Amino acid sequence: MDSPLRSFASLYSTTFLMVLAAGLLTTYLGLSLTNMNVPQIWIGGMMSAYYVGLVCGSKVGHKLIAQVGHIRAFVACAGIVTASALGHALIDNLTVWLILRLAVGMGMMCQYMVLESWLNEQAETNQRGTVFASYMIVSYLGLMAGQGAISLYPDLGIEPLLLIAICFALCIVPISITRRIHPEPLTPAPLKMGHFWQRAPQALSTIALGSMIVGCFYGLAPSYATSKGIDPEHVAMYMSCTIFAGLLAQWPMGKLSDIISRSLLIRINCGLLGVLVLIITIVPFHSVYSLILTSLFGILAFTLYPLATALANSRVEQHERVGLSATILVTFGIGASIGPLLASGLMQVLGDQMLYGFMAICSFTLLARLMWVNLRQKAEQHSTGDYVMAGGDLVSSPLAASLDPRVNIEMVNEQMIYPADDAFDRLDDIIDDEQDDAEDQPDYNAAYANTMDDENDHIDKEDIDDEDVDNEMSRR
C-alpha cells in the first residue's frame, strides 16, 4: 500500500502552492497598507473581508461543486483568486481592494472544500489520521514559505503580487493531472448553530474567541512589527517563528489532551495565553525577546482550535459531525472577521500595543466564560429532583418513613412509638377479657375435662406410650 504522502502527492502539492500564495498575499497587504500610512481600521477591515469571504464561500462552494464537480470548481475559483491578486497591482483604491479581498476569501474557501472533501472521501480508515496530519503539516509549511518569500522583496513592489499570481496559477496543475478518482459531489449539511452551541458551549466559545486572536495575528502582526521598526525581512522571521512553533506544538498538545481533560487543558492554555499576551503588551519591544515571546504565543494560540474541535466532536453523535464541522467553520470565520476590526480600532485609538492588549481581553474573557460554563455543567450534573424511595423490601417497612428526608422526625416518633404502646395496652385488655370469659363458663370447662378423660381411655387401649400421649394432649 502506498504511503499517504505519495498517494496524495498531487493534492498536497496543490495545497502547498495555494497556502504559500495566500500567506504571502496577507503579509504583503499588511505591510503595504502600513507603508501607505493607512488608518489601522482599514488594515483590520481588509483582513476581516477575507474571513467574511470564507464564511460566504462555504455556501457558494457547496452549490458550485454540486453543479460542475470538484475539478471544474477548483479551476474556476483558482482563476478568480489569481485575477483578484493581480487586481491589487492595477488599482490602488482601498474600497476595490476590500472587494478583491472578499473575492479571494470566497474562492479559497471553495478550493479548501475541494481538497478536504477529496482527502476525506478517499483516505482509507486506517490512514485517515496520517492523511490529515500530513495535510496540516503541508499547510503550515506553505504558510511559513509565504512569510519567508516576502523577505525576497523588501521594497514591496509589484514582484510579490506576480509571485502570488504564479503560485495560484500553478496550484491548478497538480490537481488537474491527478490520477486519483474524483470524489462524489458534496451534499449540503444542515447548519444548526443553536443546537451545537447547547451541546458544546465550551468548544464553540473557544473557537469563536480563539479565532479572533488568530485572525488578529495573521492580519495585524506584520503591521505591528513594522511599527516597532522591524524591516520586512525580519517581519518574515517574526511571523515564521510563530507559525513554526505552532506547528511543532500540534503533536505534543494532542498527546497531552489524551491524558488530561480537554476542557481543563483549554482553560489552562487560555490562562497562560492571557498572561503571555499581557506581558507582550506591557514589556517594551526587544528584537530577540520578541521572537521567544511570539514563539510561545504560537504554541498556545495555534493549539486552541484543534483542542476545541476535538472537544466538540466528543460531545456529539457520529451522524451529527458533518453539521458540527459546518458550524465550526462558520463560527471560526465570524470570529476571525470580527477580531481584526475590533483590534484595529483599538490600535488606532490607543496605539499599536493594543493588538496584544485586545488578545489579552479575548483570552481572559474566554477563560471567564469557560469557567462559568464548566461550573454550570457541574451543577447540572449533581442536581437531582425530589427524593423518591427506591424499590425493595424496605419500602413496605414502617422504617422507610424514618429514612425519607421529607418527613419530620417528631411526626415519625408519634406514628411509630406511641401507637405501639397503645397496641400493647389493647393486647393486655384482650387477654384479661378472655380469662374472665373462661371463669364465667364452668359447664364448658367440665365438658372439656370429660372429653379429655375419654380421649385418655381411648389412647390407653391403643397402647400408646407416654410420650405420644403427651404429644396428643398438647395437640388437643
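The values are calculated or read from the model by the stated rules, or taken from the named source; none is laboratory data. Predicted, not measured: the structure shown is a model, and the values here were computed from it. When we count neighbours, we look across all protein chains shown, and the Cβ atoms used for this are built from the backbone with ideal geometry, even at glycine.
The set of residues in the range 266-281 being touching a residue at least 24 places away in the same chain (Cβ under 8 Å) and surrounded by fewer than 18 Cβ atoms within 10 Å (Cβ to Cβ) consists of GLY271, LEU272, LEU278, THR281.
Listed by position, the helices (runs of 4 or more DSSP H) enclosed by the range 302-415 that each have at least 2 residues that are modelled with pLDDT under 90 and touching a Gly at 6+ places or on another chain (Cβ under 9 Å) are 304-313, 321-350.
Among the candidates ILE213, ILE207, ILE175, the residue that is under 23 Å from LEU11 (Cα atoms), at pLDDT 85 or above and outside any loop (DSSP other than H, G, I, E, B) is uniquely ILE175. Tell me yes or no: at least one residue of the range 124-133 is buried (at least 18 other Cβ atoms within 10 Å of the Cβ), among the small types (Gly, Ala, Ser) and either modelled with pLDDT under 85 or closer than 21 Å to LEU162 by Cβ (or both). No, because not a single residue in the range 124-133 is buried (at least 18 other Cβ atoms within 10 Å of the Cβ), among the small types (Gly, Ala, Ser) and either modelled with pLDDT under 85 or closer than 21 Å to LEU162 by Cβ (or both).
If you scan the range 135-182, which residues turn out to be of a type in the set (S, T, N, Q) and surrounded by fewer than 20 Cβ atoms within 10 Å (Cβ to Cβ)? Break it down stepwise before answering.
First, the residues of the range 135-182 that are of a type in the set (S, T, N, Q): 139, 147, 151, 176, 178.
Those that are of a type in the set (S, T, N, Q) and surrounded by fewer than 20 Cβ atoms within 10 Å (Cβ to Cβ): SER151, SER176, THR178.
The number of residues in the range 98-120 being over 23 Å from the mean Cα position of the chain (by Cα) and either within 10 Å of SER84 (Cβ to Cβ) or of a type outside the set (Phe, Trp, Tyr) (or both) comes to 15. Checking the range 311-327 against the condition returns no match, with no residue being under 14 Å from CYS362 (Cβ atoms) and out of contact with any Leu (no Cβ under 9 Å at 6 or more places or on another chain). How many of the residues making up the range 327-379 are in contact with a Ser or Thr (Cβ under 6 Å, 6 or more places away or on another chain) and aromatic (Phe, Trp, Tyr)? Of the residues in that region, 2 qualify. Looking only at the range 280-298, residues that are of a type outside the set (Ser, Thr, Tyr) and either assigned to a loop (DSSP other than H, G, I, E, B) or farther than 17 Å from CYS216 by Cβ (or both) come to 8 in all.
Filter the range 282-301 down to the residues that are within 15 Å of SER240 (Cα to Cα) and either in contact with an Asp or Glu (Cβ under 9 Å, 6 or more places away or on another chain) or in contact (Cβ under 8 Å) with a residue 12 or more places away in the chain (or both) and list them by number. Listed by number, the residues that qualify are SER287, SER290, LEU291, LEU293, THR294, SER295, LEU296, PHE297, GLY298, ILE299, ALA301.
In summary, helices (runs of 4 or more DSSP H) completely within the range 1-117 and bearing 2 or more residues that are in contact with a Leu (Cβ under 7 Å, 6 or more places away or on another chain), in the same structural domain as LEU143 (by TED's automatic domain parsing) and crowded, with 18+ Cβ neighbours inside 10 Å occur at 9-35, 40-68, 70-90.
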